[in-house]
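Below is one structure, written out as structure tokens; the observations come after it.
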Amino acid sequence: SLTLQMFRSDDKGATWTPLETPKIPALLHRHWILPVGAQTVNVAVEALPPWYLPYLAGQRPPPGIPATPNEGMWYYRSDDKGLTWSTPLQIDPNVNFAGQGNMVVSPDGKFLAVLRYEEKQSPRDAPTDEKGHWYLVTSEDSGATWKRKDAFDLTSELAAALPTTAIDANGTIYSVWSQERNGTSTMMIAITKDRGASWSP
């Protein structure tokens, strides 16, 4: 879609109110919406480059395409149930065609993270989804600033494009994904207890 429309219900889904949300001028997909408490709503959304639609139709991307300034992952938040929003902030310039996890947030709303994936080839090439690299994009200050933390390598073909990430009350992050080995899809899990500084095997 070219726009993201959000709605809010204050009566357990009986009625819904449309919300005005910030506009990011790009092709959007994989919108993650996470509430914290009674007022705050966190949003992360992926902005794809203009040539992605022809790629979906089976055309190879033309060589040497320069990156567009608005592609990659964006974040914004509301602290009044969606009435007003922060200015969208680009938190990762990489385009994730596959392997983008959902956003997670700590119970106090201060720590946020998204598991991301990149290939060792040029990011402008069509993805092969094999032998790439996982990393976290994290914020320690309720989304005001973000940084990248490298995680671990993908050692065989990615079998599912949407890994699942969860965080518990102690701040431990669990990442689960599927990768194919010798024709068999295998579920994998990795855990970090220090917010992405180190990971379990």
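The values are calculated or read from the model by the stated rules, or taken from the named source; none is laboratory data. Computed from a prediction, not measured in an experiment: that's the story for all the values here. Positions of Cβ are generated from backbone atoms using ideal geometry, with glycine treated the same way; all protein chains shown enter the neighbour counts. These accessible areas exclude ligands, DNA and RNA; they are computed on the full protein's heavy atoms, side chains included. Shrake-Rupley method; radii C 1.70, N 1.55, O 1.52, S 1.80 Å.
Data overview
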quantity: Matching residues, the range 157-197, being among the hydroxyl-bearing types (S, T, Y) and either in contact with a Cys (Cβ under 7 Å, 6 or more places away or on another chain) or open to solvent by 60 Å² or more (accessible area, probe 1.4 Å) (or both); calculated: T164, Y174, T184, S185
quantity: Within the range 138-155, tally of residues that are of a type in the set (A, V, I, L, M, F, W, C) and either assigned to a loop (DSSP other than H, G, I, E, B) or at pLDDT 95 or above (or both); calculated: 3
quantity: Residue that is most open to solvent (accessible area, probe 1.4 Å) [pool: residues in the range 1-36 that are part of a loop (DSSP other than H, G, I, E, B) and modelled with pLDDT of 90 or more]; calculated: K12
quantity: Among residues of the range 150-191, those that are in contact (Cβ under 8 Å) with a residue 40 or more places away in the chain, in contact with a Lys or Arg (Cβ under 8 Å, 6 or more places away or on another chain) and not aliphatic (A, V, I, L, M), counted; calculated: 1
quantity: Count of residues meeting criterion [touching an Asp or Glu at 6+ places or on another chain (Cβ under 9 Å) and basic (K, R)] in the range 4-59; calculated: 1
quantity: Positions within the range 103-129 being polar (S, T, N, Q) and at pLDDT 90 or above, in sequence order; calculated: S106
quantity: For G132: the one exception among (1) buried (at least 19 other Cβ atoms within 10 Å of the Cβ); (2) out of contact with any Lys or Arg (no Cβ under 8 Å at 6 or more places or on another chain); (3) modelled with pLDDT under 85; calculated: (2)
quantity: Number of the condition not met by A144 [criteria: (1) under 22 Å from P69 (Cα atoms); (2) of a type in the set (A, V, I, L, M); (3) crowded, with 16+ Cβ neighbours inside 10 Å; (4) without any contact (Cβ under 8 Å) to a residue 24 or more places away in the chain]; calculated: (3)
quantity: Residue check, P50 within 20 Å of the chain's Cα centre (by Cα), over 20 Å from V114 (Cβ atoms) and modelled with pLDDT under 80; calculated: yes
quantity: Residue count for the range 156-192, restricted to those that are modelled with pLDDT under 90, on the phi < 0 side of the Ramachandran plot and part of a loop (DSSP other than H, G, I, E, B); calculated: 6
quantity: Filtered residues of the range 55-80 (kept if open to solvent by 70 Å² or more (accessible area, probe 1.4 Å) and either at pLDDT 80 or above or hydroxyl-bearing (S, T, Y) (or both)); calculated: D79
